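S.K.: This is the structure I have questions about; it appears just below.
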Ligand code: CO
C-alpha cells in the first residue's frame, strides 16, 4: 500500500463550513507559495459558494482569484467542486454552457474537477465528464453519500462502477453531512477498492466528532486520498485537521510525507484570521464543537439553520421538532435523495410548508414539482403515483436526461450581457449568477471610471467607456 495523499480544503470547504466563505484572496496570497511546498496532493480552492461569495460579498472576480492562486501555486494540483449539470448554480444548464465553463475553468488553471449530482443520477454528470476529458483535466466523480433504507454499500459500489465506466479518473465519497462512521467507512472503502481500480478519496465533515477516526479507518482500508483542513479552519463543521493526521501517520506505510514545518507556517498564517473571525462573530461556537445530533437528524448543518430561519419568518419556531420529523417523510416521498444543494433546500422548504399549513402537499414549491416530475433526474427509488398525482397532477414524467430538454443557450447569454463583458469568463459568471454578476460588473466599471453608476438614470443608461 502506497502513502496516502492529502487534499487541503482550507481555501474552499474549510472556510465555507466555518466562516460562510468570506475568506478573501488577499487573506490567501501571502501563504500560497508555502502551501505549494507542503507536499499536498491537491488544494481545493473553488466551488459554488466561493464563486458566489466573491461576487456577492467580497467584490472580487472569482476568475481572477483562480488565476492569482494558479500564479502562486505552481506545482500542487488545484481542485474545484462542480455541481454537474448545475455547474456552480442551482439549475440545469444547457450542454454548451457546461462545455464552455469547463473550458474556462481548466484554461485558467484548474487541474481536478470533482463533480457531483444531488440525486446521484450519472446522466447529470455526462456533459461535465465529456468536457473535462476534452480539456484535459482530471475527472473525479463524487458520490453524494447518504443514509436511507435503500442506500447500502452495494448501492454506492454499483454507482462507482458506473461512474468509472463513464470515464471517472477517481471516485470520491462526498459525505457533506458528516454521517460516515469509522467502521462503516472501513467496509465501504474495502468494497470500493475491490470493485474499481481508480483512486478512492474520502471527504467528510468533523461535525459529529467522528471525522478524524473515520479518515484513519478509511486509510487503513486503502483509501488513496483524504480531505483535511489546516487546524485553524478545521474540525467542527469543517474537515478534520491536517496536522494531527499527518503526525498520526508518520513513520507508517501510509505516511503522507507532508512538510511539518510548512504546515506550522500555514497554521501560523491562518490563526490570526481565525481570531479575527471569532471577534467579529463570523466564526461562531455553534459550528466549532461536537454536535452528535447531526447523526440523529441526518441533515447537513446548513440545512438546520435554514429551517430555523424559515420557521422564524412564519412565526412558527415552536414547530421545529415537528418539521424535523417531517423532513425524513418528505425525503422518503421524494425517493430518498441525498440532502445536498439543491435537494436539501427543496425537501426542507416542503417540510416547513407541510407542517405550517397543517396539510401535506397542500402547497408545493415549483422546485418540488420539478423534482417529482423528474426534471432534476432519477431518484434512488421511483416516486409513487400517489405523490406524483398530488404534487404534479396529470401528465407524463420526464424520463430522459433532463439536460436533453434544454436548447443551447450560450449565444443568447452572450448577447444579453454583451455590454458588460470584458473577458469570455464574464459570460459564464452572468449565466450562473445573473443578479450578482451585474452588480459586480457595475462595481468593476465604477472603479475604472470613478462614477457611481447607481446615480445614473437606469432607463436611459449611458455608460462612459
Ligand atoms: Co464538504
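S.K.: Among the listed residues 188, 192, identify the single one that is modelled with pLDDT of 95 or more, over 27 Å from residue 346 (Cβ atoms) and crowded, with 22+ Cβ neighbours inside 10 Å. Working first, answer last.
M.R.: Values: 188 fails: over 27 Å from residue 346 (Cβ atoms).
Answer to the check: 192.
S.K.: Filter segment 191-209 down to the residues that are closer than 20 Å to residue 148 by Cβ, within 16 Å of the ligand (Cβ to nearest atom) and either over 23 Å from the mean Cα position of the chain (by Cα) or touching a residue at least 40 places away in the same chain (Cβ under 8 Å) (or both) and list them by number.
M.R.: 203, 205, 207, 208
S.K.: Sticking with this one: State whether one or more residues within segment 79-99 are out of contact with any helix residue (DSSP H, G or I) (no Cβ under 8 Å at 6 or more places or on another chain), farther than 22 Å from residue 376 by Cα and surrounded by fewer than 23 Cβ atoms within 10 Å (Cβ to Cβ).
M.R.: No: segment 79-99 contains no residue that is out of contact with any helix residue (DSSP H, G or I) (no Cβ under 8 Å at 6 or more places or on another chain), farther than 22 Å from residue 376 by Cα and surrounded by fewer than 23 Cβ atoms within 10 Å (Cβ to Cβ).
S.K.: Would you check which residues across segment 232-276 are without any contact (Cβ under 8 Å) to a residue 40 or more places away in the chain and either within 16 Å of the ligand (Cβ to nearest atom) or surrounded by 21 or more Cβ atoms within 10 Å (Cβ to Cβ) (or both) and list them?
M.R.: Those that are without any contact (Cβ under 8 Å) to a residue 40 or more places away in the chain and either within 16 Å of the ligand (Cβ to nearest atom) or surrounded by 21 or more Cβ atoms within 10 Å (Cβ to Cβ) (or both): 240, 241.
S.K.: Now for a different question. Consider residue 222 carefully, then state whether it is over 21 Å from the mean Cα position of the chain (by Cα), more than 12 Å from the ligand (Cβ to nearest atom) and within 22 Å of residue 42 (Cβ to Cβ).
M.R.: Against the criterion (over 21 Å from the mean Cα position of the chain (by Cα), more than 12 Å from the ligand (Cβ to nearest atom) and within 22 Å of residue 42 (Cβ to Cβ)), residue 222 qualifies.
S.K.: What do you reckon, is residue 371 modelled with pLDDT under 95 and touching a helix residue (DSSP H, G or I) at 6+ places or on another chain (Cβ under 7 Å)?
M.R.: No.
S.K.: Which numbered condition in (1) under 21 Å from residue 263 (Cα atoms); (2) within 16 Å of the ligand (Cβ to nearest atom); (3) in a helix (DSSP H, G or I) is the only one that residue 213 fails?
M.R.: For residue 213, the failing item is (2).
S.K.: Taking segment 236-284, which residues are under 16 Å from residue 224 (Cα atoms), in contact with a strand residue (DSSP E or B) (Cβ under 7 Å, 6 or more places away or on another chain) and in a loop (DSSP other than H, G, I, E, B)?
M.R.: 256, 258
S.K.: Within segment 1-52, track down each residue that is free of Cβ contacts under 8 Å to residues at least 40 places away in the same chain and either within 13 Å of the ligand (Cβ to nearest atom) or part of a helix (DSSP H, G or I) (or both).
M.R.: 16, 21, 26, 49, 50
S.K.: Then there's this: Out of all the residues in segment 262-292, which are touching a helix residue (DSSP H, G or I) at 6+ places or on another chain (Cβ under 7 Å) and more than 22 Å from residue 29 (Cβ to Cβ)?
M.R.: Answer for segment 262-292, where residues must be touching a helix residue (DSSP H, G or I) at 6+ places or on another chain (Cβ under 7 Å) and more than 22 Å from residue 29 (Cβ to Cβ): just 287.
S.K.: If you scan segment 172-190, which residues turn out to be touching a helix residue (DSSP H, G or I) at 6+ places or on another chain (Cβ under 7 Å) and away from the ligand (no atom under 16 Å from the Cβ)?
M.R.: 181, 182, 183, 186, 187, 188, 189, listed by residue number.
The values are calculated or read from the model by the stated rules, or taken from the named source; none is laboratory data. Quantities reported herein were computed from a predicted structural model and do not represent experimental measurements. Heads up, the Cβs are rebuilt from the backbone with ideal geometry, glycines too, and the neighbour counts pull from every protein chain shown.
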